[in-house]
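These notes concern the structure reproduced below.
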Amino acid sequence: MLLRPTFTFIPPALPSPAERPPIGGEWIHEIKHDGYRMMVHRDVSGIQLLTRNGKDWTGRFPTIVDAASGLKARSCLIDGEVVCCDENGLAVFALLRYRERPAEIFLYAAGQPAGGDYSFIM
């Protein structure tokens, strides 16, 4: 009998408030995009878009599902922010909320683990 790895939801690492940014070469900083934090999970059973609380929003963003289905990886976990950008390339939440443009995803981390171990993303 062939068993495939089971996906267990891993919540994304969320930003935390600080009085000032950390100092030192080992730190990187990310832009806070105005959108929805989303995990894209792909395996042999298909593609799921999961909110930071684990809710399945796959049906809400078909353009992202289509993009994920075109990846060469058979399995992956992508952490990102779903946004809609204006004509200047800036994320505008109202465009996303009211579905005025197709959604895009800005990536924070992506991986294709061997054996289904996604713990390295944490």
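Odds and ends about this structure:
- You can think of it this way: the chain between Asn53 and Glu87 has 9.2 nm of extra reach, that is 0.36 nm per residue less the Cα-Cα gap.
- Computed on the range 39-113, with alpha-carbon pairs under 8 angstrom and 6+ residues apart, the relative contact order is 30 percent.
- The range 7-58 versus the range 73-90: alpha-carbon centroid distance in Å: 11
- Ranked from largest, the principal axis spans of the Cα set of the range 39-113 equal 35, 22, 20 Å.
- Table column - 3J(HN,Hα) (Hz), the range 44-60, Karplus curve with 6.51, -1.76, 1.60, x for Gly and Pro: 5, 7, x, 10, 10, 10, 10, 5, 5, 9, x, 7, 7, 10, 4, x, 7
Every number here is computed from the coordinates shown, using simple stated rules; none is lab data. All of these numbers come straight from a predicted model, not from anything done at the bench.
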